[in-house]
Amino acid sequence: MVLSVGIIEIGIQESENTEAFSIASKIKVFAVSTRDLITKAYSIGPGYSIRVKFPISLSQGDYVNIILTGDAVVINANISDTLYSTAVKLPIRVSSHTSVLITENSPDFWIIAYYNETKGGVDVKLAKSPDGH
């Protein structure tokens, strides 16, 4: 009986590790996809926007913070009390430093290309609504 309990516990731990790896992989793929969409918005130029939905169902208390810095997309997440973090470098340089918080009740955000008058060129930002807020 002790052996059976031990084997069951190992199975449960392996299942949890597999799930965490699966989530980490999905977040990395999402980061790369987001990077590509930001690059596309930048190349199309002002007036282009696209709505993006986070591909993993979140539960109450889970969150994903997506950060656009000048040269990278950074994703920090807390899903099922496990912390995940990844970053991908952008092939372009944006001036804006914006972020959006994804939650169970708000699983999507917008990537918006616009003319940045202060910097005098095309820029891209992340926003929770298509009007940029």
### Query
Nearest 0.05, what FRET efficiency do Phe21 and Lys128 give at R0 = 35 Å with Cβ-Cβ as r?
0.75
### Query
Tell me which lysines have Cα within less than 18 Å of Lys26's Cα, excluding those fewer than 8 residues away on the same chain?
Lys53, Lys89
### Task
Place a label point 7 angstrom from the Cα of Arg51 along the Cα-to-Cβ direction, then list the residues of region 67-111 whose backbone nitrogen is under 14 Å away.
106-111
#### Entry: Mean accessible surface per residue for region 75-117, computed with a 1.4 Å probe while every protein chain stays in place, in Å²
55
#### Entry: Distance (nanometres) between label positions extended 7 Å along Cα→Cβ at Gln60 and Asn116
4.0
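For the chain, which whole-number percentage of the solvent-accessible area (1.4 Å probe, protein heavy atoms only) is attributable to carbon and sulfur atoms?
Numbers: 4350 of 7870 Å².
Answer for the chain is 55 percent, counting heavy atoms of protein chains only.
The values are calculated or read from the model by the stated rules, or taken from the named source; none is laboratory data. These numbers were taken from a predicted model, which means no experiment stands behind them. Neighbour counts are summed over all protein chains in view; Cβ atoms, including those assigned to glycine, are modelled from backbone coordinates with ideal geometry. Side chains are part of the model used for accessible areas, which takes the heavy atoms of the whole protein and leaves out ligands, DNA and RNA. Shrake-Rupley method; radii C 1.70, N 1.55, O 1.52, S 1.80 Å.
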